[in-house]
1. Given only helices, namely DSSP H runs of n ≥ 4 each adding -39500 (n - 2.57), what is the per-residue ellipticity at 222 nm of chain A, to the nearest 500 deg cm²/dmol?
2. So if the hydrodynamic radius of chain A is defined as the Kirkwood radius over C-alpha pairs, what does Stokes-Einstein give as its diffusion coefficient at 10 °C and 1.306 mPa s, in µm² per second?
3. Tell me, what ³J(HN,Hα) does each residue in segment A:207-219 have, in order and in whole Hz, if you take phi through Karplus 6.51 cos²θ - 1.76 cosθ + 1.60 with θ = phi - 60° and put x for Gly and Pro?
4. Checking understanding here: applying a Kyte-Doolittle mean of at least 0.5 and a length along the axis of at least 24 Å (C-alpha), which whole DSSP H helices in chain B pass?
5. Per q in 0.10, 0.14, 0.16, 0.24 Å⁻¹, report the Debye log10 I(q)/I(0) for segment A:94-204, using one uniform scatterer on each alpha carbon and no solvent.
6. Could you state the angle between the C-alpha long axis of helix A:176-188 and the longest principal axis of the C-alpha atoms of chain A, as a value from 0 to 90 degrees rounded to the nearest 10?
7. Would you tell me the mean number of C-beta atoms belonging to other protein chains that fall within 10 Å of each C-beta in A:94-106, as a whole number?
8. Return the Rg/Rh value of the protein assembly as shown, two decimal places, where both radii are evaluated on C-alpha atoms and Rh is the Kirkwood radius.
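The numbers here are math on the coordinates, done by the rules we state, and not lab data. Here the structure is a predicted model, which means the values were calculated and not measured. Here the Cβ positions follow ideal geometry from the backbone for every residue, glycine too, while neighbour counts run over all protein chains shown.
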Amino acid sequence: MSAMDHPTVILPRETRPRANQPLLQVENLVVEFPTRRGVLRAIDDVSFHIDPGEVLGVVGESGAGKSLTGASIIGLLEPPGRIAGGRIFLDGSRIDDLPPEKLRRIRGKQIGAIFQDPLTSLNPLYSVGRQLVETITTHLDMNQAEARRRAIDLLAEVGIPAPERRIDHYPHQFSGGMRQRVVIALALCANPRLIIADEPTTALDVSIQAQIIALLKRLCRDHGTAVMLITHDMGVIAETADRVAVMYAGRIAEVGPVRQVIKHALHPYTVGLMGSIPSVGVDRARLAQIDGAMPRLNAIPEGCAFNPRCPKVFDRCRVERPDLIPQGPTAVSCWLYDRKEARRG
Amino acid sequence: MAAYILRRLMQAVIVMLAVGFIAFGMFNFVGDPVTNFIGQDATPEDHERMRAALGLDQPFYVQYARFAANAAQGEFGTSYRLGMKVSAVLAERLPATLELVFAAAAISILVGVPLGVYTGIHRYGLLSRAFLTFSLVGISLPTFLIGILLILVFSVILGWLPSFGRGQVVPVGWWSTGYLTQSGLRSLILPAITLGLFQTTLIMRLVRAEMLEVLRTDYIKFARARGLTERAINFGHALKNTMVPVITIMGLQIGGLIAFAIITETVFQWPGMGLLFLQAIQYADVPVMSCYLILVAMMFVLINLAVDLLYYAVDPRLRADRGAVRGRQV
Ligand SMILES: Nc1ncnc2c1ncn2[C@@H]1O[C@H](COP(=O)(O)OP(=O)(O)OP(=O)(O)O)[C@@H](O)[C@H]1O
Ligand code: SF4
Ligand SMILES: [Mg+2]
């Protein structure tokens, strides 16, 4: 079938062919904050994709832009922050330019979200049952009784004992770990295709963190839900993610299969990041072995954003900005992997 | 629940005893009650006899106990000025004040809360800014000036509404209401607006501030992430959380309305307790003053009690002692 067969077909929205396309495709995303002293660019030309059912880990220092990337996808950037460029596709159709009401219908239904703090994510004045039921009836065609049935099933599924009784309890009657389970149940209400989990365990007791991550992993595997898992914990990434994206100063430094990136990190920043993990499972691994700190948004250097801290920096890094360069299954934004440099070196 | 109410009631009784003590003290410090009864030219013997007849020769605590016992039964003696039983005088004036206060409270809540929600949601809207600027006027102008301005515009210049009095009232049992007659309702409008304006702007600003606060919370962000409608988020989730602190302030404000009513009643010659109280002060009519004091204090206490109960109904965390023990498990 050639394009000539349907010369007059005008697609209502920008769509992509359906054949084995990624579930989520982010292209050249730019997020900016207009301020009195000029525009701050917090996300600068970020591209990545997530396949159906896949777990993509996102790591990076505090302020790297992980949360903003997640918020951009679900259309919940807080003003004055705004998407200043790029495109986001869900299942091949563009979602970043949808009117607010259309985007709202996608949130919770197609893309669920889990935030860091389970203690404050639930409205203290309503029973967890009410919050579950309202989410279910918002997105699914169910009456109150059916929604309540589903809510109880969901609570059971996330491992809350005696869900028939617990459904009428208020958030303050649950422990932190239990509350995060309720939050996960809320994110799963409408069986979304993708869940964005922004540091879902950081606020929890260390002993409970592993349980919650295991639960999230199991549920998403069972439901075929893809996950964008934002975390500081490389141990969690190693155990849970299929691929990992390393962010630095609003850009992606390296993205590739987890084993590959952990065993054979390519980007000097990733190498430092891996070197700073004493052992898997230790939380909040920081860049202990790389001197200096990530630049502030108003002082991001020319060329490669990492160049002031990079042990392998060379002249080109200070003037030209590297884009993601494919290296086998991985892609890395570092001039060391440019073919020209390889020839030269 | 029962323990909670009982605790509150105990506190209320203590507050009332304290206020009663002050009201009682007034008899001894504001003028000489005996002289008030028998006049300046009585002989010392007459004076002593009157003291004994009034029980003033007895020890202080006996007098206070008797005062409190009488007060509890609504017995405050006779007005020096009017020569009528104080309880009867105040009962006659009570409906006027309460109807005025109720109307003012209704205005301030029915106007203040929606305006607060609106200006909280549409933070940068033009209309919001207009409301906020306007509310500054309501907060900064003194009540009597607002009353006089309203009279000037709506009574004197436009001639639409009466400038004083309560209009025609009809008795409903021992209560006399102005709500059922046209002239009563028309007379109510200006004083109710005058009395309610300050509270309206206050409630509006309070609700707005709380709303802005609540809209920033994580559970509102999460509610957005769940894809709930704006309506459900603003009115289902945000407003209810906003009301928790606002209810307390509103309770206090309604108590304040009763006190502020003195000024409004004076400006509009509204035949309520406030006007009566002001006249009582001029004549050092101590029984009326002390009875007014106790009555107002009692209303404050009752309103606070109602607020506490409302709080209890709104916030499940206060109901914790019932469910949590059973519910708390990991
Ligand atoms: N309202 C705002 N105005 C200006 N800059 C902002 C604003 N919100 C976020 N930023 C900046 O955007 C950058 C990215 O923030 P983001 O929250 O995405 O970081 P993060 O990677 O999630 O960090 P963390 O690990 O601490 O959660 C930060 O440098 C932050 O200072
Ligand atoms: S581009 Fe240059 S500065 Fe940047 S990471 Fe690679 S070597 Fe280091
Ligand atoms: Mg973050």
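1. It lands at -8500 deg cm²/dmol.
2. Here the translational diffusion coefficient equals 74 µm²/s.
3. 5, 8, 3, 4, 4, 5, 5, 4, 4, 4, 4, 5, 4
4. Once both thresholds are applied, what remains is B:2-29, B:86-121, B:182-215, B:239-267, B:286-314.
5. -0.28, -0.54, -0.70, -1.39
6. So the inclination is approximately 90 degrees.
7. Mean shielding by partner chains, rounded to a whole number: 1.
8. Checking Rg against Rh, the ratio lands at 1.15.
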